[in-house]
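Read-outs: derived from the displayed coordinates by stated rules, not from any lab. Everything quoted here is computed from the prediction, not taken from an experiment. Every residue, glycine as well, gets a Cβ built from its backbone with ideal geometry; the counts of neighbours run over all protein chains shown.
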Amino acid sequence: MASLQASNFVLSSSSKQIYAAISVPKLPSIRLSVPKVPTRVLSDELNTRDGFINTIPDEKNVTRTSLVQESSSVSMATVQLYAILEAVADRVEMHSNIGDQRENWNTLLLNSINMITLTAATMAGVTATGGAGVSILGLKLASTLLFSAATGMLVMMNKIQPSQLVEEQRNATRFFKQLQSQIQTLLAVGSPSKDDVKDAMKKVLALDKAYPLPLLGVMLEKFPESLKPAVWWPTNQSPKTNKSKEAKHFNGKVDNNGWTEELETEMREIVEVIKRKDSEDYERLGNKALKLNKVLAKTGPLLTGIAALGSAFMGSSHGPWAAIVAAVAGSLASAVNTFEHGSQVGMVFEMYRNNAGFFKLVQESIESNLDENDVEKRENGELLEMKVALQLGRSLSQLRDLAKKSSYSRIEGSPIDEFASKLF
């Protein structure tokens, strides 16, 4: 036992350390060979089973490339529509901000010009009541300068018509919001195509042209010869097709893309009512507002100019008449300016112009479908009827009754006494 401990363990009294040695026998090395697994897919294995080779190509492999290309095309159209959507949202903000700014212009210019005019008229009135020996040089110079400044500011204000500019920006904001919701609906409902992208681009550019932001160079004419309806949609959006009267065969059921002979007749009667009543009435009212605005725009600066001349000739040699003319003309100019820009006659004209454009759009949308001889290429008839009814503020039954009234009035030769639109 003592010899075993001496051979296996060595004990040092000074360091108190124990050393141990363990020997492990070596194991023989074993090599394992793993067979290679065939890399053929299951479809290849099935094709070559039983010694037969299937020469029919894999449908998945054949269509993979076309599916990838189609997916890439759809995704690119979606990305482009999102880019257009961002631009439209930016335009909504721009037109809204500029509309607020130009509304401030109308208020500030109106108040400033009226204060200047009334102050100068008061000076002229004080001069007219002054006694002999009263120095009127200061009042004379001050009133002349104020009337002259009011004349220049009034000419500029009447030229740009701030109230009309505000109405333009309101309409632009509304139409861009409408386009924004249309694009969002298109992205949410289905897969957009390249044609949808082109159509959205055309609508954006048409709105930019119809309601420009700058004042210099591209500002809309504020005093045209006559009212022309506003056009904010692409003119080539729905090109006219061949108008030859080909026979259209309906089965009596709503299975021809929603179109029937009765629906065609109804839509034609609605177009006639819009032409004879709504469009004609708004163009007549718009032309009246245009003539009134032209008269007021010329009268205001003319009166302030007369007041400036009268104040320049104020003095003892001319008596009180020059001062009286200046005071009266200045007061009338302030009244005319308040009526023109306070009542926003320019805005009223722009409203009539926009309403006339709305009826023109409804009319063109119906006629473009009726001119298409192939009913399958038209917009769905039931959907178009519902859209027209909503645009005119009517139910479907009211729209059909209006078409019947129009037909009866044409047969009897008497004008219809009802407008197509119940909204405005």
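Observations on the structure shown:
- Each label point was placed 7 Å from the Cα along the Cα-to-Cβ direction; for Gln391 and Met76 their separation is 3.4 nm.
- Extended-chain gain in nm, criterion 0.36 nm per residue less alpha-carbon gap, Lys275 and Glu382: 36.3 nm
- Segment Leu145-Lys198, length gained on full extension (0.36 nm per residue, minus Cα span): 13.5 nm
- For Leu137 and Trp105, the difference between the fully extended length at 0.36 nm per residue and the C-alpha to C-alpha distance is 8.1 nm.
- Among the listed pairs Lys360/Lys422; Lys288/Lys422; Lys140/Lys294; Lys203/Lys294; Lys228/Lys387; Lys360/Lys404, those beyond 27 Å (Cα-Cα): Lys140/Lys294; Lys203/Lys294
- Across the range 332-337, rounded Karplus estimates of 3J(HN,Hα) from the backbone phi angles (6.51 cos²θ - 1.76 cosθ + 1.60, θ = phi - 60°) give 5, 4, 5, 5, 5, 5 Hz, Gly and Pro being marked x.
- Label positions at Leu205 and Leu361, each projected 7 Å from the Cα along the C-beta direction, are separated by 1.9 nm.
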